[in-house]
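Chemist: Structure provided below as structure tokens; questions to follow.
The values are calculated or read from the model by the stated rules, or taken from the named source; none is laboratory data. All of these numbers come straight from a predicted model, not from anything done at the bench. So basically every Cβ, Gly included, is an ideal-geometry build from the backbone, and we count neighbours across all protein chains shown. Remember, those area values only see protein heavy atoms, side chains included, never the ligands or the DNA or RNA. Shrake-Rupley method; radii C 1.70, N 1.55, O 1.52, S 1.80 Å.
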Amino acid sequence: MAFTGRAALLAALGTLPVGIWEPSWTGILAVNGSLALACACDFTLAAPVRRLVLTRSGDTSVRLGEPADVTLTVTNPSNRPLRARIRDAWPPSSWQPGTEAQSSRHALTVPPGERRRVTTRLHPTRRGDRHADRITIRSYGPLGLFNRQGSHKVPWAVRVLPPFTSRKHLPSKLARLRELDGRTSVLTRGEGTEFDSLREYVPGDDTRSIDWRATARQSTVAVRTWRPERDRHILLVLDTGRTSAGRVGDAPRLDASMDAALLLAALASRAGDRVDLLAYDRRVRALVQGRAAGELLPALVDAMAPLEPELVELDARGLTSTALRTAPRRSLIVLLTSLDAAPIEEGLLPVLTRLTRRHTVLVASVADPHITKMAISRGTAEAVYEAAAAAQAQAERRHTAERLIRHGVTVVDATPEDLAPALADAYLALKTAGRL
């Protein structure tokens, strides 16, 4: 229970004239006694807070950057009307800066025995699960002089999914995939292709593709068409160790890796390949296996949503063993990690041959665009020193990439905006070359 500002204002307005014109304790007590009696009546007429029944409904998941609406239903079982102000508390990352007060506070009136709904609109700024905190309710009397206050715990969680901003590149990559798949252009036979269908000969076709048996059974010349092999296995491996916590722009490297993995998964599933996901640092953080094409993306974003970088060194041996168990047959293993020299040379390179002996390995890394800007800066002594430091960092990354390439690994090193399309292009190039 608590006094309101109105009660304090009335007490001041009543006491001030008495104290100026006729200062006496009797007058002050008379004024404040009347006010205290009014406050007691107001408190009695205010609806009790503890007896209220509260339930939640609404969104349980939302993509990062989009709003989520959570509805709170307040039922008043008492015989007094509820005049209340409600604060629906959520973690600070559930709101955009400066919008919490406007979005989380509500005023409502609930007649006796009825219910009303209020909606809290969340604007999450981070991935992961956002759990509702306490609901604080202040119930006012009809005079607005005194209030009852109490808190309720009504559990609810909203899962904030990765935004998948790279999906804008999907139509162009699917167009290239259709060309490879034989739906918009003529294919020739090569390694990594399989027979697709027969069609009528067109001048300019390779005569080696003519099917003479089919031609003998019909009146026209028939040629074979080919397409890349399907039902290949792709294992996406997310490094959630300490290097993934480094911030590139406004987000950690892990977020850019997730975005690239989602685009590749969407493209590969449309190509008829099977895609699995493994997130690892010193133990398995997430594992998605055996999902059909229609269930793949929802399963991936749901598994990625709660992932956060762990401030531990990646256990490369454990990662290799887990990847080999997850992909027992020949697969394309896409490792999204850092190209920093020390983690690669001390961790990945000693165990890399265990992967390349059985699988095709592709390493994708997020490059810092700030280093690129530093490398071209000139004009002052400080800028020249920054450019020298950036050039050294870029040379180290190129040297690390060259060492991986000598081990038969395909390397993709690009900025967060370019990583997803570059990784998709590398996948299509491997598919075209028949290396999957």
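Chemist: Could you check Met374 against (1) closer than 30 Å to Ser172 by Cβ; (2) of a type outside the set (Ser, Thr, Tyr); (3) open to solvent by 30 Å² or more (accessible area, probe 1.4 Å); (4) assigned to a helix (DSSP H, G or I) and say which number it fails?
Modeler: (1)
Chemist: Still on this structure, I have one more. For Gly249, which of the numbered conditions (1) without any contact (Cβ under 8 Å) to a residue 40 or more places away in the chain; (2) on the phi > 0 side of the Ramachandran plot fails to hold?
Modeler: (1)
Chemist: I'd like to verify a number: residues in region 102-135 that are within 23 Å of Arg83 (Cβ to Cβ), open to solvent by less than 30 Å² (accessible area, probe 1.4 Å) and without any contact (Cβ under 8 Å) to a residue 60 or more places away in the chain, how many?
Modeler: 6
Chemist: Looking at Asp276, Asp231, which one is under 24 Å from Arg325 (Cα atoms), modelled with pLDDT of 90 or more and charged (D, E, K, R)?
Modeler: Asp276
Chemist: Pairs under 7 Å by beta carbon, first residue within 12 Å of Leu82 (Cα to Cα) in region 47-64, partner assigned to a strand (DSSP E or B) and open to solvent by 40 Å² or more (accessible area, probe 1.4 Å), six or more apart or different chains?
Modeler: Pro48/Arg148; Val49/Arg148; Val49/Gln149
Chemist: Pairs only if they're at least six apart or on different chains, beta carbon under 6 angstrom, first in region 308-331 and among the acidic types (Asp, Glu), second part of a loop (DSSP other than H, G, I, E, B) and open to solvent by 60 Å² or more (accessible area, probe 1.4 Å); list them, first residue then second.
Modeler: Every condition considered, the pairs that remain are Asp315/Arg282.
Residues are listed down the side, and each one gets a yes or a no for (1) touching a residue at least 60 places away in the same chain (Cβ under 8 Å); (2) of a type in the set (Asp, Glu); (3) on the phi > 0 side of the Ramachandran plot; (4) surrounded by fewer than 18 Cβ atoms within 10 Å (Cβ to Cβ):
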site	(1), (2), (3), (4)
Glu346	no, yes, no, yes
Leu352	no, no, no, no
Arg358	no, no, no, yes
Ser365	no, no, no, no
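Chemist: For region 417-433, enumerate the residues that are part of a helix (DSSP H, G or I), open to solvent by 30 Å² or more (accessible area, probe 1.4 Å) and over 15 Å from Ser257 (Cβ atoms).
Modeler: Hits for region 417-433 are Asp425, Ala429, Thr432.
Chemist: Just to be sure, is Asp255 surrounded by fewer than 19 Cβ atoms within 10 Å (Cβ to Cβ) and either of a type in the set (Phe, Trp, Tyr) or assigned to a helix (DSSP H, G or I) (or both)?
Modeler: Taking the combined requirement at face value, the residue does not satisfy it.
Chemist: Checking the conditions here, which among Ala393, Ala414 is surrounded by 14 or more Cβ atoms within 10 Å (Cβ to Cβ), touching a helix residue (DSSP H, G or I) at 6+ places or on another chain (Cβ under 7 Å) and over 27 Å from Leu180 (Cα atoms)? Can you show your working first?
Modeler: On the way: Ala414 fails: over 27 Å from Leu180 (Cα atoms).
Result: Ala393 is the single residue among Ala393, Ala414 that is surrounded by 14 or more Cβ atoms within 10 Å (Cβ to Cβ), touching a helix residue (DSSP H, G or I) at 6+ places or on another chain (Cβ under 7 Å) and over 27 Å from Leu180 (Cα atoms).
Chemist: Could you check region 81-124 and list, in sequence order, the residues that are part of a loop (DSSP other than H, G, I, E, B) and touching a strand residue (DSSP E or B) at 6+ places or on another chain (Cβ under 9 Å)?
Modeler: Applying the first criterion (part of a loop (DSSP other than H, G, I, E, B)) to region 81-124 yields 81, 89-91, 95-99, 111-114, 123-124.
Selection gives Pro81, Ala89, Trp90, Pro91, Trp95, Thr99, Pro111, Pro112, Gly113, Glu114, His123, Pro124.
Chemist: Let me ask you something else. Restricting to region 202-217, count the residues that are modelled with pLDDT under 75 and either farther than 27 Å from Leu436 by Cα or in contact with a helix residue (DSSP H, G or I) (Cβ under 8 Å, 6 or more places away or on another chain) (or both).
Modeler: The number of residues fulfilling the criteria is 2.
Chemist: Being of a type outside the set (A, V, I, L, M, F, W, C) and over 18 Å from Arg138 (Cβ atoms) is the filter here, so list the residues in region 85-102 that pass it.
Modeler: Within region 85-102, Pro91, Pro92, Ser93, Ser94, Gln96, Pro97, Gly98, Thr99 meet the criteria.
Chemist: Now a separate question. Would you confirm whether or not region 216-228 contains a residue that is open to solvent by less than 60 Å² (accessible area, probe 1.4 Å), closer than 30 Å to Ser166 by Cα and under 28 Å from the mean Cα position of the chain (by Cα)?
Modeler: No - not one qualifying residue is present in region 216-228.
This table checks each residue for (1) farther than 25 Å from Ala420 by Cβ; (2) out of contact with any strand residue (DSSP E or B) (no Cβ under 9 Å at 6 or more places or on another chain); (3) assigned to a loop (DSSP other than H, G, I, E, B).
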site	(1), (2), (3)
Leu267	no, yes, no
Arg285	no, no, no
Leu297	no, yes, no
Ala303	no, no, no
Pro309	no, no, yes
Arg329	yes, no, yes
Ile333	no, no, no
Ile344	no, no, no
Val351	yes, yes, no
